[in-house]
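Here's the structure, in structure tokens; my notes come after.
The values are calculated or read from the model by the stated rules, or taken from the named source; none is laboratory data. No experiment lies behind these values; they were computed from the predicted model shown. Neighbour counts are summed over all protein chains in view; Cβ atoms, including those assigned to glycine, are modelled from backbone coordinates with ideal geometry.
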Amino acid sequence: MKIAVLVLLLVIGMYFIGIAGYRHVSLTNTWQAYDCNDVCLNNLLAENEDIHTIVKVRYLGVGALDIRYKHYRILSDPFYTSHGIWDVLTASSLKSDQHQIAKVLGPPRQNVDAVIVGHGHYDHIADLPALKGYLKADARILGSPTSLNMIHSVFPNSTFIPIPAESLDRQWNYIADGWIRMKGVPSEHAPQLLSINLIQGEVHNPSDRPPESAFQWKQGANINWVIDFLDGSYSNSDERVTANNILKRIFLQTSAADFPIGLPTLTDQKNFDLAIIAAASFDNADHYPAGLIKQLQPQTLMYCHWENFFQPWWNQPTPLPLLNMDKLLRTSHQADKGMAVLVPLPGSWLAL
Ligand SMILES: [Zn+2]
């Protein structure tokens, strides 16, 4: 009954959003999306002196990223198959499209070292069960217990690194033969619509098959990530890593939250080369993103989760309905005038 009321509210809300959505937000009139294809990436790499310390980040839409460092590869929030709003609201089975996945990730070559998941909503995880052919035999999946319980039947137990509440903002997890480390930071999820946070809840036990409908993918805990790219191979208990050993540092937040929730505690002086944060629902979170920007002071800020994911977003993305991009970008520049701010087209590369 409760879900039925929520669905009704959502349908009504989407109806109005559909009318108001595209008029005042334009990709071209007031702001430019960042576009960097493979050729552009090669030019960026050619300019760079030390190819071995470069971190490459490719935006794939919503919270999905493809991050490369040396020969290692990390994916975040795997979601590449678009599902129409009607299929989502009517709790239809959301099938992964292997053709679309291959278009986005390339053919499956078992070369992914790790997958990180910010929370369990379908638009952050639903294509993960379809990624078996992409993961190395010793790959790791990091996420909340809820996220991992939902996909438990698909991968061997040894794949999972659950990040329980008590280890958040404490423990570094070393992956990619110890060349990359990441720390989960406790965060929250701003309401999507009319102050309602849809599809909350936890999954406490391993499921015997992955969820099918959007309503079965439960949110669970929300996790932000600090990702450090290191100058050598280190291990989990290693105390030797100092700011000097961290070549590049990225902050990732794939759902908006009231500031200062989601802010990492860091004792070293290493700065953030890049912060990737969610645009969606920014207006429903207090002091977001200004508080975060002032605190993190990243060299570059990149917005993810900005495009309308209820339609295929890969070729002709449009901003999410009701997302006031002008206000978001204005607020971002006011918070830090020296920082580069990017709204990437899906498929765009960035080189750090
Ligand atoms: Zn969500």
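For the reader, a short list of remarks on this structure follows.
- Of all residues making up the range 153-194, the number that are over 18 Å from the mean Cα position of the chain (by Cα) and surrounded by fewer than 18 Cβ atoms within 10 Å (Cβ to Cβ): 16
- In the range 203-223, the residues that are under 17 Å from Thr81 (Cα atoms) form Cβ pairs under 7 Å with partners that are of a type outside the set (A, V, I, L, M, F, W, C) and crowded, with 18+ Cβ neighbours inside 10 Å, at six or more places apart or across chains, as follows: Ala214/Tyr122; Trp217/Gly120; Trp217/His121; Trp217/Tyr122; Trp217/Pro211.
- In summary, Val341 fulfils each of the numbered conditions (1) of a type in the set (Val, Ile, Thr); (2) part of a strand (DSSP E or B); (3) out of contact with any strand residue (DSSP E or B) (no Cβ under 6 Å at 6 or more places or on another chain) with the single exception of condition (3).
- Residue satisfying condition, being at pLDDT 95 or above, crowded, with 19+ Cβ neighbours inside 10 Å and in contact with a Lys or Arg (Cβ under 9 Å, 6 or more places away or on another chain), within set Leu274, Leu296, Leu352, Leu263: Leu274
- Lone unmet requirement of (1) part of a loop (DSSP other than H, G, I, E, B); (2) modelled with pLDDT under 95 for Asn244: (1)
- Checking Val88 against (1) at pLDDT 95 or above; (2) hydrophobic (A, V, I, L, M, F, W, C); (3) over 19 Å from the mean Cα position of the chain (by Cα), the condition it does not meet: (1)
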